[in-house]
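Down below is the structure, laid out as structure tokens.
The values are calculated or read from the model by the stated rules, or taken from the named source; none is laboratory data. The model shown is predicted, which means the values in this text are computed figures rather than measured ones. Backbone-built Cβ (ideal geometry, glycine too); neighbour counts: all protein chains shown. Accessible surface is based on the protein model in full, side chains and every heavy atom, while ligands, DNA and RNA are left aside. Shrake-Rupley method; radii C 1.70, N 1.55, O 1.52, S 1.80 Å.
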Amino acid sequence: MSPTAEAETAAARAREAVAANAHWYHTLELAPGVLTPGNVDLRSTAPKVLPADLTGRRTLDVGTFDGFWAFEMERRGADSLAIDVARLDAAEWPPNRRPELVERMNEWDIRLGRGFRLASETLGSSVRRVECDIYELTPETVGGPVDLIFLGAILLHLRDPIRALERAFGALKPGGELIMLETFSLADTIRSPRRPIAHFEPLVTQFNWWHANLSCLKAWPWTAGFTEVRHTGIHRPKAKKPMGGLYASLRARRPS
């Protein structure tokens, strides 16, 4: 088969995969020019957040959804792993919002794991996806401790961010690295640059618990035992409403 014919065949398979999933969260390029219609496009953000070379490192993407960050880490040479809950309605949605979110999930035919499987097969990926709630994460869950854990826009969706960060801490090797990418409140960061503040969100948003300022995003991993916590950038990925906003990236380490 000629290179042109191979490219056309790959593009056709990618288009079939895109059509087979009713709802994509991430924008993924499954073949040159063939994109999933995701709610969030993080492709230009990834090079600013992830190390360029992850060769020889075991990495873990927590709350992977369609797998964007797991595939990005694999592309950089990592032995990449991913975890997520088995079903979207197993997420820690605020109880007052759960009935409407379950109804919407069913209406939109959102099936957690379907996009990941289709993307993985199309990309020829070796990323292993494990069904696991972050509160249940242990080294044994993912076949041993990892070198790097990525948390992407997940802490705002959790009732207990500190508990989640403690589980991430326990799954890292000594000296291992945590990378976080979370939305944050610019107004509260300006008003209170050194005092941690997080607004309680279940009564004003559909599936968020917290809207933290930058100081709070740094205080959470410090509280969970991490050291060398530092802010590494501010980002505004392309996103459909209501997924947009400013994101802060941070790095921290588990002490050796």
- prompt: How would you rank 37-45, 161-169, highest first, on the average number of other Cβ atoms within 10 Å across their residues?
  reply: 161-169, 37-45
- line: Of every hundred units of 1.4 Å-probe accessible area on the stretch 1-55, the number belonging to carbon and sulfur atoms, as a percent, is 54 percent
query: To two decimal places, what compactness ratio does the stretch 66-208 give when its Cα radius of gyration is scaled by 2.2 N^0.38 Å?
result: 1.15
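Given charges of +1 on the Cβ of Lys and Arg and -1 on the Cβ of Asp and Glu, with all other atoms neutral, how large is the dipole of the chain about its Cα centre, in debye to the nearest 20? Walk me through the numbers before you get to the answer.
Working: 33 positive and 31 negative charges, 169 e Å.
Rounded to the nearest 20 debye, it is 800 debye.
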query: Are there trypsin sites (Lys or Arg not before Pro) in the stretch 182-225 that DSSP puts in a loop and that have at most 11 other Cβ atoms within 10 Å, and which ones?
result: Arg194
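Taking a probe of 1.4 Å, how large is the accessible area per residue of the chain, in Å²? Mind dumping the intermediate values first?
On the way: 12050 Å² over 256 residues.
It amounts to 47 Å² per residue over the chain.
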field: Scaled radius of gyration (Cα, divided by 2.2 N^0.38 Å) that the chain gives
entry: 1.01
Signed unit charges on C-beta, dipole axis of the stretch 26-91, positive-most listed residue Ala46, Val85, Ala70: Ala46
- prompt: What are the residues whose amide H is under 5 Å from the amide H of Val146, where those residues sit 5 or more places off or on another chain and H is modelled from the backbone?
  reply: Leu172, Lys173
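Which of the trypsin sites (Lys or Arg not before Pro) across the stretch 97-138 are loop residues per DSSP, with 13 or fewer other Cβ within 10 Å?
Details: sites: Arg97, Arg104, Arg111, Arg114, Arg117, Arg128, Arg129; in loops: Arg97, Arg111.
Passing sites in the stretch 97-138 do not exist.
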message: Given points 7 Å out from each Cα along the Cα-Cβ axis, report the Ala11 to Lys238 separation in nanometres with one decimal.
response: 1.8 nm
statement: Taking the alpha-carbon centre of each part, the distance from the stretch 209-250 to the stretch 51-127 in Å is 19 Å
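When the helix-only estimate is applied to the chain (DSSP H runs of n ≥ 4, each -39,500 (n - 2.57), divided by the residue count), what is the mean residue ellipticity at 222 nm, nearest 500 deg cm²/dmol? Walk me through the numbers on the way to the answer.
Numbers: 8 runs with 76 residues, N = 256.
Computed mean residue ellipticity for the chain: -8500 deg cm²/dmol.
When you count, for each residue, the other Cβ atoms within 10 Å and take the mean per peptide, how do 54-61, 200-207, 150-157, 28-35 rank with the highest first?
Values: 54-61: 20.4, 200-207: 13.8, 150-157: 23.0, 28-35: 16.6.
Final packing ranking: 150-157, 54-61, 28-35, 200-207.
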